[in-house]
Amino acid sequence: MKRVLIAYFSLTGKTEKMAEYIGEGVRFSGNEAVVKKISEFKKADDLNGYDGYLFGCATYFQDIAEPMRTFLFLAKKAALKGKLAGAFGTYLHDVGYTVGGQSTAVIMDTMQYIYQMEAFGLGPLKVKEPVMETPEGMGTCQDYGKVFGETLGS
């Protein structure tokens, strides 16, 4: 059984809900999912010991939230090279968003190009906030987690 860390920052609770649903999907694949708020990490060593990593944050003002930015600087010091990496987050407005303007793209690029992690083939998952209140939102997140877990193997 592989271990997956799902670390997130959530202001409204929607990204937290995504993290929980993604964790369920990872468990559906037969792997262990550890879901934690980024505020629980105090040092880089706290991130070690996992086979795969999923980091999540909503897009705020076409950018990544400051607590996630700080967390990403901490994560840079961890031994993540070569590990499977995915990203997820919610967003509210479509106006002006480009793929690069989503927090999920920033997180995924950081994991892939700065940490030299293996990018998850499905890319980052972004879900509009109102969709997280529907069965479609839940299922999308569970599917993402399940495929991530299956990609890791067991």
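So the values come out like this:
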| item | result |
| --- | --- |
| Sequence-distant residues sharing a close amide H with Ile6 (under 5 Å, placed H) | Val34, Val35, Lys36, Leu54 |
| Fully extended contour minus Cα-Cα distance, from Asp45 to Arg27, at 0.36 nm per residue | 4.1 nm |
| Computed over the range 9-140: relative contact order in percent, which uses C-alpha pairs under 8 Å that are six or more apart | 26 percent |
| Calculated SAXS-style log₁₀ I(q)/I(0) at q = 0.18, 0.29, 0.31 Å⁻¹ - the range 44-93, Debye, Cα scatterers | -0.62, -1.16, -1.23 |
| Amide N of the range 21-61 lying under 14 Å from the label point, which is placed 7 angstrom from the Cα of Glu150 along Cα→Cβ | 25-31 |
| Stretch gain in nm, segment Gln62-Glu133, where the contour uses 0.36 nm per residue and the Cα spacing is subtracted | 23.4 nm |
| 19 Å cut-off, amide nitrogen to a point 7 angstrom out along Leu92 Cα→Cβ, residues in the range 1-35 | 9-19 |
| Coil-residue trypsin sites (Lys or Arg not before Pro) of the range 26-85, DSSP, other Cβ within 10 Å capped at 14 | Lys42, Lys43, Lys76, Lys77, Lys81 |
| Correct option for Cα extents along the principal axes in Å [calculated from the coordinates] among (1) 79, 33, 26; (2) 47, 32, 31; (3) 38, 31, 26 | (3) |
| J(HN,Hα) series, the range 56-69, from Karplus relation 6.51 cos²θ - 1.76 cosθ + 1.60, nearest Hz, glycine and proline x | x, 6, 6, 8, 10, 6, 6, 8, 8, 5, 4, x, 5, 4 |
| Surface share of carbon and sulfur [accessible, 1.4 angstrom probe, percent] for the range 16-154 | 53 percent |
| Low-density loop cleavage sites - chymotrypsin sites (Phe, Trp or Tyr not before Pro) in the range 1-76, where at most 11 other Cβ are within 10 Å (DSSP) | Phe61 |
| Violating pairs (Cα-Cα greater than 23 angstrom) within the set Lys14/Lys37; Lys81/Lys128; Lys17/Lys81; Lys37/Lys77; Lys43/Lys128; Lys14/Lys81 | Lys81/Lys128; Lys17/Lys81; Lys43/Lys128; Lys14/Lys81 |
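The values are calculated or read from the model by the stated rules, or taken from the named source; none is laboratory data. Fair warning: this is a prediction, and the values are worked out from it, not measured in the lab. Cβ: placed from backbone, ideal geometry, glycine included. Neighbour counts: every protein chain shown. Protein only, heavy atoms only, side chains kept; ligands, DNA and RNA dropped before computing areas. Shrake-Rupley method; radii C 1.70, N 1.55, O 1.52, S 1.80 Å.
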